[in-house]
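For reference, the structure discussed in these notes is given below.
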Amino acid sequence: MTGYLRSILSASALSCMVVACGGDSTGHPSWLLSHHLGDPPGVTPTGLPGSGIRDVVLRPTAGHLEVVTWGSSGCPRLPDRLVTPTAHALSISMSNGAAPAGSSCPADLAPTTSLIQIPGTVDLEQTITVTLIDGVYGVSVALPAP
């Protein structure tokens, strides 16, 4: 294999590892397995004592994350980009929760829980650092292996 071809293949493999993309028929990324209004089962209320509401990241099983975000119940902020810069880190960007064209969102504040499949490039046997990028209540947490 030539050096040029090897570098192209390496760059392609790296880009697949760094950005987990792809979507389904709903327009959501394939790694976003589901979402629903409210906190995850057995967790109430989300947030940190003394700091009010905050986004929360939980690791219910080895291969999944639950991300709880706050915003309008009718226009929830959902994960729309996932980056894995290393085998021990994830960065999850959230949508802005804007209303679709020609409509409006309720002016309430409600939690939405999103279930995310952790990409295969992440080492599930180690602590994972997860950073939520959302411009409102973002958080960075270290989640130990289950």
Only residues that are aliphatic (A, V, I, L, M) and open to solvent by 10 Å² or more (accessible area, probe 1.4 Å): list them for the range 80-92, please. Val83, Ala87, Ala89
Going through (1) surrounded by fewer than 21 Cβ atoms within 10 Å (Cβ to Cβ); (2) free of Cβ contacts under 8 Å to residues at least 60 places away in the same chain; (3) in contact with a Gly (Cβ under 6 Å, 6 or more places away or on another chain) one by one, Arg77 fails only at (1)
Mind listing whichever residues of the range 55-74 are open to solvent by less than 20 Å² (accessible area, probe 1.4 Å), under 10 Å from the mean Cα position of the chain (by Cα) and more than 21 Å from Ala98 (Cα to Cα)? Val57, Leu65
Consider Pro29 against the criteria (1) touching a Leu at 6+ places or on another chain (Cβ under 9 Å); (2) modelled with pLDDT under 90; (3) of a type outside the set (Asp, Glu); (4) open to solvent by less than 30 Å² (accessible area, probe 1.4 Å): it satisfies all of them except one. Which criterion is unmet? (2)
Failed item in (1) open to solvent by 50 Å² or more (accessible area, probe 1.4 Å); (2) at pLDDT below 90; (3) of a type in the set (A, V, I, L, M, F, W, C), with Leu124 passing the rest: (2)
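Out of Ala145, Ala101, Ala89, which single residue is more than 13 Å from the chain's Cα centre (by Cα) and in contact (Cβ under 8 Å) with a residue 12 or more places away in the chain?
On the way: Ala101 fails: in contact (Cβ under 8 Å) with a residue 12 or more places away in the chain; Ala89 fails: more than 13 Å from the chain's Cα centre (by Cα).
Only one candidate qualifies: Ala145.
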Just to be sure, is Ala142 part of a loop (DSSP other than H, G, I, E, B), open to solvent by 50 Å² or more (accessible area, probe 1.4 Å) and farther than 18 Å from His35 by Cα? no
From Ile128, Ile133, Ile116, grab the single residue that is touching a residue at least 12 places away in the same chain (Cβ under 8 Å), over 18 Å from Thr69 (Cβ atoms) and under 16 Å from the mean Cα position of the chain (by Cα). Ile128
Can you confirm whether Thr129 is of a type outside the set (Gly, Ala, Ser), open to solvent by less than 40 Å² (accessible area, probe 1.4 Å) and outside any loop (DSSP other than H, G, I, E, B)? no
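The values are calculated or read from the model by the stated rules, or taken from the named source; none is laboratory data. The structure displayed is predicted, hence computed values, not measured ones. Here Cβ is always computed from backbone atoms with ideal geometry, including for glycine, and neighbour counts include all displayed protein chains. Areas reflect the complete protein model, heavy atoms only, side chains present, ligands, DNA and RNA absent. Shrake-Rupley method; radii C 1.70, N 1.55, O 1.52, S 1.80 Å.
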